[in-house]
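The values are calculated or read from the model by the stated rules, or taken from the named source; none is laboratory data. Only a predicted model underlies this, so the values are computations on that prediction, with no experimental measurement involved. Cβ atoms come from the backbone with ideal geometry, glycine included; neighbour counts cover every protein chain shown. Heavy atoms of the whole protein, side chains included, go into the accessibility calculation; ligands, DNA and RNA do not. Shrake-Rupley method; radii C 1.70, N 1.55, O 1.52, S 1.80 Å.
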Amino acid sequence: MAYQLKAKVCLICIDGWGISDKDGVAGDAIYAAETPWMDKFQKEFPYTTLEAHGLAVGLPDGLMGNSEVGHLNIGAGRVVYQKKLNCVRVVEIFVQRIQLKRYFFLQDIVRIDLAVKNKAFNKNDEISRSFDHAKNGSGRIHFLGLVSDGGVHSHINHLEHLLESAKSYGVPKAFVHFFGDGRDTSPRSSDKYLKQLQKHINELNYGEVATIVGRYYAMDRDKRWERIKIAFEALTRGIGTKSEDPIATINQRFGENETDEFLKPIILSNEGRIKGNYVLITAKVPDGDTLFFFNYRADRMREIVQAFGISPPPFEADVPKNLDITTMTKYKSDFPFPVAFSPQKLDNVLAEWLAKHEIPQCHVAETEKYAHVTFFFNGGVEKQFPLEHRDMVPSPKVATYDLKPEMSGSGVADKMVEEISSGKFPFVMCNLANPDMVGHTGVYEATVIAVRVTDECIGRIFEACQEHGYTLFITSDHGNAEQMLDSEGKPHTAHTCNPVPFIMTSKDYKFVSSKGVLGDVAPTILDLLGLEIPKEMTGSTLLSK
């Protein structure tokens, strides 16, 4: 039985409509365009702005937002921590209708960065468990991973905080197994990162670099087990070039044209070999060493972890027994190892929550942004929820949208008016693509037209909402059209880090005074509808009580 709602809601997500910090700035197509409806709403109805970039939407600090991330946050009702991926490629995959697991988008670099910033590794259950095992077992923990600031697979800052955390937890000994980069960084930069790491170790007076080996050997992903075996035997048996001056050894290798990626094993500490416990003194199985793999990207860590933790090993080897293994993120779905930062799950997003309460809903967009009001708004799942209806309006077939800045905005507005008037859907939402898609062309005059047309479409939808008793919410996924020129006066075609508007056409409610984020939109809508906000939605309602 459908839930009895207190209201009906329409949501418009404008694509690429940001708010400049100053009026009248050159290149602000939104300020330059005639926008009587949006101007009216700002004066007559509750109005605030939302953060739509960086940490506020689960991206690294200071990074501009994008359409995929914006719609994901809006629909999820929480900050969705983003994986480093090419969202354009994700849309291509979606268009090809390849089924994607919802956690594909959700990764952990931002959560890890925040944990480092807040010095919170010791508050992480699995990291603490790993430390506890080392402290109360062999007294030894090994940190294994790529040591650089390339940021694609790992980050040296994470390793440094792991060392700090292990020391404060009381783990007696920590060994670092340094995988050389040279692909996501300069090919001859491992000496720089080793110096940085050694300086940190010296200042901590804790930890020791035990092994150095290039990622070519330690991070293969194509089942070239002969490479993994070279790294494995260095880590467990100390097979490699012994060195008391690793910087000099690395520079010697550079002179032999052996760069970071291809560094053959360098052994700095015989004590730092990974050891198991083979002797059964009592009925209790003694513990071996504790291993913590700190890369956050999965694909190039699966083989080395498998070699240590999955029996039988993929090559002939004496695998140390009774090792305790923890990985920074989930490297493989069937790996049995504890994970410090498990994939974020997007349960009970707005569309799913409405469906669970048997509330019909309608999502509308033109082709260019259809994935954003379906796949992304629904939490990264392609399936259509029960009682969810979708309308797609064909986008114009032009080479670039500056040639037709109106796009299919009028068609989207027509469909929205039709669905609102039908009375079938207590929740209706759409995307208006013009400011973003035309803004990306860098053609200022066309973008001004796109903004004007968008405002006209919003006015038509608002009038239908007024006639049929809907409260209209308007927001945007990120900025774009408000900055069409860069600091040198040249065309600016990228997104911005500016806040976006959030409007509610209601005389009965007000917004709280504090600013919100895109993840607050869904809780606010549920609050107005009179529906309970699910616990998974960690965003906040912005309705003033």
| task | Report the label-to-label distance for LYS545 and LYS6 in nanometres (one decimal), using points 7 Å from each Cα along the Cα→Cβ vector. | result | 1.1
| task | Treating cross-link reach as a plain straight distance, find the lysines whose alpha-carbon is under 18 Å from the alpha-carbon of LYS332, omitting any fewer than eight places away in the same chain. | result | LYS83, LYS84, LYS101, LYS223, LYS345
| said: Restricting to Cα pairs below 8 Å that are 6+ residues apart, what does the relative contact order work out to for region 491-545? Please round to a whole percent. | reply: 38
| Label-point separation in nm, THR49 to GLU244, each point 7 Å along Cα→Cβ | 6.2
| message | Using a 7 Å offset from Cα along Cα-Cβ at ALA26, what residues in region 494-536 end up with backbone N under 19 Å from the label point? | response | 494
| When each of LYS356/LYS510; LYS192/LYS264; LYS507/LYS535 is checked by Cα-Cα distance, pairs over 22 Å | LYS356/LYS510; LYS507/LYS535
| said: Could you sort the peptides 45-55, 425-435, 506-516 by per-residue average Cβ neighbour count (10 Å cutoff), highest mean leading? | reply: 425-435, 45-55, 506-516
| query | So what's the gap between the Cα centers of region 365-396 and region 424-471, to the nearest angstrom? | reply | 16
| Which of the lysines could a cross-linker span from LYS135 if the Cα-Cα distance has to be under 26 Å and same-chain partners fewer than 8 positions apart are dropped? | LYS117, LYS119, LYS123, LYS167, LYS173, LYS199, LYS275, LYS284, LYS321, LYS330
| remark: So the angle from the long Cα axis of helix 225-237 to the longest Cα principal axis of the chain, reported in degrees to the nearest 10, equals 60
| Dipole of region 321-374 (Lys/Arg Cβ +1, Asp/Glu Cβ -1, origin at the Cα centre): which of ALA340, PRO360, THR326 lies farthest to the positive side? | THR326
| request: Could you grab the relative contact order for the chain? Cα pairs under 8 Å, six or more apart, rounded to a whole percent. | output: 29
| query | Of all accessible surface on the chain at a 1.4 Å probe, what whole percent is carbon and sulfur? | reply | 50
| note | Here the gain from full extension of SER342 to ASP132, 0.36 nm per residue of separation minus their alpha-carbon distance, amounts to 73.7 nm
| Against the longest alpha carbon principal axis of the chain, how many degrees, from 0 to 90 and to the nearest 10, is the axis of helix 444-468 turned? | 70
| request: Using only the alpha carbons of region 363-461, determine the length spanned along each of the three principal axes and report them from longest to shortest in whole angstroms. | output: 42, 28, 19
| request: With only Lys, Arg, Asp and Glu charged, each at its Cβ (+1 for the first two, -1 for the last two), find how big the charge dipole of region 107-263 is about the Cα centre; round to the nearest 20 debye. | output: 320
| message | If I model a spin label at LYS332 and GLN384 as a point 7 Å from the Cα along the Cα→Cβ vector, what separation in nanometres do I get? | response | 3.8
| message | Between 0 and 90 degrees, rounded to the nearest ten: what's the tilt of helix 67-76 against the longest Cα principal axis of the chain? | response | 80
